[in-house]
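Colleague: Supplied in structure tokens, the structure appears directly below.
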Amino acid sequence: METHAHEATHTAAHTEHHHHEHPSQSFVEKYMFSMDHKIISKQFLFTAMFMAFAAAIMSVLFRLQLAWPGQQSSVMHFFLGDRWAKGGVLDPNMYLGLVTIHGTIMVFFLLTGGLSGTFANLLIPLQVGARDMASPMMNMLSYWFFFISSLIMFISLFIETGPASAGWTIYPPLSALPQAIPGSGAGMTLWLTSIALFVVSSLLGGLNYIVTVVNLRTIGMKMTRLPLTIWALLITAILGVLSFPVLFGAAILLIFDRSFGTSFYLSDIYIGGQALSETGGSPILFEHLFWFLGHPEVYIVIMPAFGIMSEIISINARKPIFGYRAMIGSMLSIAFLAFIVWGHHMFVSGMNPFLGSVFVFTTLLIAIPSAVKAFNYITTLWKGSITFNPQLLFVVGAVSTFISGGLTGIILADSALDVAVHGTYFVVAHFHIVMGLSAVLAMFGGVYHWFPKMFGRMMNKKLGYWHFWLTFICAYGVFLPMHFLGLAGVPRRYYTNDAYAPWAKLQDINVIVSIFAIVGVLSQIIFFVNFFYSMSKGTKSAQNPWDANTLEWTTPIVPGHGNWEGDLPVVHRWAYDYSKPGKAHDFVPQTVPMEEGELDEGEHS
């Protein structure tokens, strides 16, 4: 790869700068408007945990309605009051609002902002050997845009007409006409404002991540020596920078249609018997713009999870990752294909069947690099000396959900089959397993694994096991039965399925799903207790508690601003020399020089 002279110069300047640290930072400077990437990663994590908690409560509320439609519930009344749950019965408008905001929070605020924001900020400088991000100021701005965006989304739950209620995909004309339903009023305006700010945050963060990985790698850190976590986060950032502006454009045009009388998405509409004046627009245009972001988005969600899975599996199997270069290649090909498959969300939109067949082909192609990743994870585990700690269980669980959720993707990728199950619970089950669960389980794994680096303490192992098994069993308990509802034709987003006799017969499945959902949400209390207790009272961590090779474990246990106290580390080898024959230990850190005749595996794997 290229020489690192420019990095050495940068490093010297950076080292000089950081040896004159200002010790007297106030609380506000240090913990609120911090420019230290490690503090910013914690800010992203705490904000995402709060938002996820809110979204989980929403899922419990609408699952209560789906399992026991129209029945009085004190839980419902406690959270929603007389305004939205009079007599403990959920208002149909609020049902749509809960489903919409739940989806929005989980996709954007937990699995995009939370996952990338936490782990890109924590790991990129530490694993490439940099003092901080390329632009700490932009990094801080990225968090505060994310925070304001989260705040606006959360506040929209409390306004009089209710939150946005057009589904997380906010298709017009429902979302474009404030008079259509209560949730299309101020709630929708707040939703669009929040997402516009979220995109700004994402772009500021993403550009920073890319520049840091490209320019600030320490001496010896060639691209072929980067841990797969960094490759994954780099590709995620590139995907975000290329696709989020399209969502921004879609949202701005929708704001114009709603508030300024344009008709980008509106044409020939009658509402309440009155013809609207807007003509010439097309709601299909919105679908194209939304899904051109929306499909890369699912890979923005899963790609950091891939990186976390690779790192944790390799460390806990005590084996080099199998097929390092194939793993990079598969992530790059997934990223390329992600941009040419968006039409599979639109098979029932009146698309030309020939165009549909093109999207079927490109979508099925993604199965190939995805399968490469799945096989490589399994092969890395094969005959390994496995340490079954909570983080390994979570990432192996994520491999499982990625495979089982991916299988239903093959059905949905086929336009002829998709017509039968589009818009049903089959789709809900598919994307929750393959994207939602895989990313959430990997994120939990990442938290258990890097907790010692964040807080200098270990999380409780026994509570971790309880957390994993309850979460994993309940997750499958929720989403496996949903496939059968979908195959029977039960549509998603319906307030109740009583209207059609064949669906009413399936009510028992909804009850099973809801019971698993409620237990699953309650089991997250174990995680929250473990997390907050361990922050201050957990067992103190060693410098390298997992015997890992990457650079973050060469810093002090809880590194200060600048990460390394002396000079930056120099890298001599790739990150996966585990159980290497002829070595005294079963791990060889990246900072250990190569011996004569030793191969650099990253160059040859």
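Colleague: Anything in segment 449-496 that is closer than 30 Å to residue 31 by Cβ and not in a helix (DSSP H, G or I)? List them, or say none.
Modeller: Within segment 449-496, 456, 457, 458, 459, 460 qualify.
Colleague: If we only count helices (runs of 4 or more DSSP H) wholly inside segment 278-368, which ones have 2 or more residues that are within 17 Å of the chain's Cα centre (by Cα)?
Modeller: 283-317, 324-338
Colleague: Let me ask another. Only one residue in 446, 489 is more than 18 Å from residue 60 (Cβ to Cβ), touching a residue at least 60 places away in the same chain (Cβ under 8 Å) and under 25 Å from the mean Cα position of the chain (by Cα). Which one?
Modeller: 446
Colleague: Let me ask you something else. So residue 73 ticks every box in (1) of a type in the set (Ser, Thr, Tyr); (2) in contact with a Phe, Trp or Tyr (Cβ under 6 Å, 6 or more places away or on another chain); (3) more than 30 Å from residue 119 (Cα to Cα) but one. Which box is left unticked?
Modeller: (2)
Colleague: Which of the residues belonging to segment 570-586 are open to solvent by less than 40 Å² (accessible area, probe 1.4 Å) and out of contact with any helix residue (DSSP H, G or I) (no Cβ under 8 Å at 6 or more places or on another chain)?
Modeller: 580
Colleague: Out of all the residues in segment 233-242, is one or more outside any helix (DSSP H, G or I), free of Cβ contacts under 8 Å to residues at least 40 places away in the same chain and either open to solvent by 30 Å² or more (accessible area, probe 1.4 Å) or of a type in the set (D, E, K, R) (or both)?
Modeller: No: segment 233-242 contains no residue that is outside any helix (DSSP H, G or I), free of Cβ contacts under 8 Å to residues at least 40 places away in the same chain and either open to solvent by 30 Å² or more (accessible area, probe 1.4 Å) or of a type in the set (D, E, K, R) (or both).
Colleague: Of the residues that sit in segment 251-296 and are among the aliphatic types (A, V, I, L, M) and surrounded by fewer than 19 Cβ atoms within 10 Å (Cβ to Cβ), which one is nearest to residue 345 (Cα to Cα)?
Modeller: Taking segment 251-296 and keeping what is among the aliphatic types (A, V, I, L, M), we get 251-255, 266, 269, 271, 275-276, 284-285, 289, 293.
With surrounded by fewer than 19 Cβ atoms within 10 Å (Cβ to Cβ) added as a condition, the list becomes 252, 255, 271, 275-276, 284-285.
Details: 252: 22, 255: 23, 271: 27, 275: 30, 276: 28, 284: 11, 285: 13 Å.
Applying the filter and picking the extreme gives 284.
Colleague: Among all residue pairs at least 6 apart or on different chains, which show Cβ distances below 7 Å where the first residue, located in segment 67-79, is closer than 12 Å to residue 57 by Cα and the second is open to solvent by less than 80 Å² (accessible area, probe 1.4 Å) and in a helix (DSSP H, G or I)?
Modeller: Between residues of segment 67-79 that are closer than 12 Å to residue 57 by Cα and residues that are open to solvent by less than 80 Å² (accessible area, probe 1.4 Å) and in a helix (DSSP H, G or I), the close pairs are 75/64; 76/61; 76/64; 76/88; 79/57; 79/61.
Colleague: Looking at 555, 539, which one is surrounded by 15 or more Cβ atoms within 10 Å (Cβ to Cβ) and either closer than 25 Å to residue 309 by Cβ or out of contact with any Leu (no Cβ under 6 Å at 6 or more places or on another chain) (or both)?
Modeller: 555 is the lone residue from the list that is surrounded by 15 or more Cβ atoms within 10 Å (Cβ to Cβ) and either closer than 25 Å to residue 309 by Cβ or out of contact with any Leu (no Cβ under 6 Å at 6 or more places or on another chain) (or both).
Colleague: Count, please, the residues in segment 196-226 that happen to be touching a residue at least 60 places away in the same chain (Cβ under 8 Å) and either open to solvent by 10 Å² or more (accessible area, probe 1.4 Å) or assigned to a loop (DSSP other than H, G, I, E, B) (or both).
Modeller: Summing the residues that are touching a residue at least 60 places away in the same chain (Cβ under 8 Å) and either open to solvent by 10 Å² or more (accessible area, probe 1.4 Å) or assigned to a loop (DSSP other than H, G, I, E, B) (or both) in segment 196-226 gives 17.
Colleague: Let me ask something else. Can you pull out every residue in segment 494-523 that is over 20 Å from residue 480 (Cβ atoms) and within 27 Å of the chain's Cα centre (by Cα)?
Modeller: Within segment 494-523, just 494 meets the criteria.
Colleague: A further question on this structure: Check off (1) in contact (Cβ under 8 Å) with a residue 12 or more places away in the chain; (2) of a type in the set (D, E, K, R); (3) farther than 27 Å from residue 314 by Cβ for residue 547 and give me the number that stays unchecked.
Modeller: Condition (3) is where residue 547 drops out.
Colleague: Out of 381, 365, 437, report the one residue that is surrounded by fewer than 21 Cβ atoms within 10 Å (Cβ to Cβ), more than 20 Å from residue 317 (Cα to Cα) and not polar (S, T, N, Q). Break it down into steps so the answer makes sense when it comes.
Modeller: Numbers: 381 fails: more than 20 Å from residue 317 (Cα to Cα); 437 fails: surrounded by fewer than 21 Cβ atoms within 10 Å (Cβ to Cβ).
Every option except 365 fails the conditions.
Colleague: On the given criteria, is residue 549 of a type outside the set (Phe, Trp, Tyr) and in contact with a helix residue (DSSP H, G or I) (Cβ under 6 Å, 6 or more places away or on another chain)? Don't jump to the end; show me each part of the working.
Modeller: On the way: of a type outside the set (Phe, Trp, Tyr): yes; in contact with a helix residue (DSSP H, G or I) (Cβ under 6 Å, 6 or more places away or on another chain): no.
Against the criterion (of a type outside the set (Phe, Trp, Tyr) and in contact with a helix residue (DSSP H, G or I) (Cβ under 6 Å, 6 or more places away or on another chain)), residue 549 does not qualify.
Colleague: Collect the residues in segment 394-423 that are of a type in the set (Val, Ile, Thr) and within 23 Å of the chain's Cα centre (by Cα), keeping them in residue-number order.
Modeller: 395, 396, 399, 401, 403, 408, 410
Colleague: Given the criterion more than 30 Å from residue 120 (Cβ to Cβ) and open to solvent by 10 Å² or more (accessible area, probe 1.4 Å), identify the matching residue among 484, 431.
Modeller: On the way: 431 fails: more than 30 Å from residue 120 (Cβ to Cβ).
After applying the criteria, what remains is 484.
Colleague: Let me ask you something else. Say whether the condition of being open to solvent by 50 Å² or more (accessible area, probe 1.4 Å), in contact (Cβ under 8 Å) with a residue 40 or more places away in the chain, more than 30 Å from residue 315 (Cα to Cα) and not small (Gly, Ala, Ser) is met by at least one residue in segment 458-471.
Modeller: Within segment 458-471, not a single residue is open to solvent by 50 Å² or more (accessible area, probe 1.4 Å), in contact (Cβ under 8 Å) with a residue 40 or more places away in the chain, more than 30 Å from residue 315 (Cα to Cα) and not small (Gly, Ala, Ser).
Colleague: Looking only at segment 147-170, count every residue that is more than 20 Å from residue 58 (Cβ to Cβ) and either open to solvent by less than 20 Å² (accessible area, probe 1.4 Å) or not in a helix (DSSP H, G or I) (or both) and tell me the total.
Modeller: Qualifying residue count, segment 147-170: 0.
Colleague: Step by step: first the residues of segment 496-525, then only those that are open to solvent by 60 Å² or more (accessible area, probe 1.4 Å) and in contact (Cβ under 8 Å) with a residue 40 or more places away in the chain, then the one that is nearest to residue 417 (Cα to Cα). Which residue is that?
Modeller: 498
Colleague: For segment 342-359, how many residues meet the condition of being open to solvent by less than 20 Å² (accessible area, probe 1.4 Å) and free of Cβ contacts under 8 Å to residues at least 60 places away in the same chain?
Modeller: Result for segment 342-359: 3.
Colleague: Of all residues in segment 129-144, count the ones that are in a helix (DSSP H, G or I), crowded, with 24+ Cβ neighbours inside 10 Å and not hydroxyl-bearing (Ser, Thr, Tyr). Talk me through it step by step, then tell me what you get.
Modeller: Our first condition is that a residue be in a helix (DSSP H, G or I); within segment 129-144, this holds for 136-144.
Within this subset, residues satisfying the condition of being crowded, with 24+ Cβ neighbours inside 10 Å are 139, 142-143.
When the remaining residues are screened for being not hydroxyl-bearing (Ser, Thr, Tyr), the result is 139.
Residues flagged as in a helix (DSSP H, G or I), crowded, with 24+ Cβ neighbours inside 10 Å and not hydroxyl-bearing (Ser, Thr, Tyr) within segment 129-144 amount to 1.
Colleague: Could you check segment 69-78 and list, in sequence order, the residues that are within 31 Å of the chain's Cα centre (by Cα) and closer than 17 Å to residue 495 by Cβ?
Modeller: 76
Colleague: Quick test of your reading of the structure: residue 193 fulfils all but one of (1) hydroxyl-bearing (Ser, Thr, Tyr); (2) within 30 Å of residue 126 (Cα to Cα); (3) open to solvent by 20 Å² or more (accessible area, probe 1.4 Å). Name the failing condition by number.
Modeller: Against the list (1) hydroxyl-bearing (Ser, Thr, Tyr); (2) within 30 Å of residue 126 (Cα to Cα); (3) open to solvent by 20 Å² or more (accessible area, probe 1.4 Å), residue 193 comes up short only on (2).
Colleague: A further question follows. Looking at residue 319 and the list (1) of a type in the set (D, E, K, R); (2) farther than 28 Å from residue 604 by Cβ; (3) in contact (Cβ under 8 Å) with a residue 24 or more places away in the chain, which single condition is not satisfied?
Modeller: The one condition residue 319 does not meet is (2).
Colleague: Within the set of pairs 6 or more residues apart or between chains, which connect a residue that is without any contact (Cβ under 8 Å) to a residue 40 or more places away in the chain inside segment 117-146 to a residue that is assigned to a helix (DSSP H, G or I) and among the polar types (S, T, N, Q) with Cβ atoms less than 7 Å apart?
Modeller: From segment 117-146, no pairs qualify.
The values are calculated or read from the model by the stated rules, or taken from the named source; none is laboratory data. All values reported here derive from a predicted model rather than from experimental measurement. Cβ: placed from backbone, ideal geometry, glycine included. Neighbour counts: every protein chain shown. To get the accessible areas, we keep the full protein, side chains included, count just its heavy atoms, and leave off ligands, DNA and RNA. Shrake-Rupley method; radii C 1.70, N 1.55, O 1.52, S 1.80 Å.
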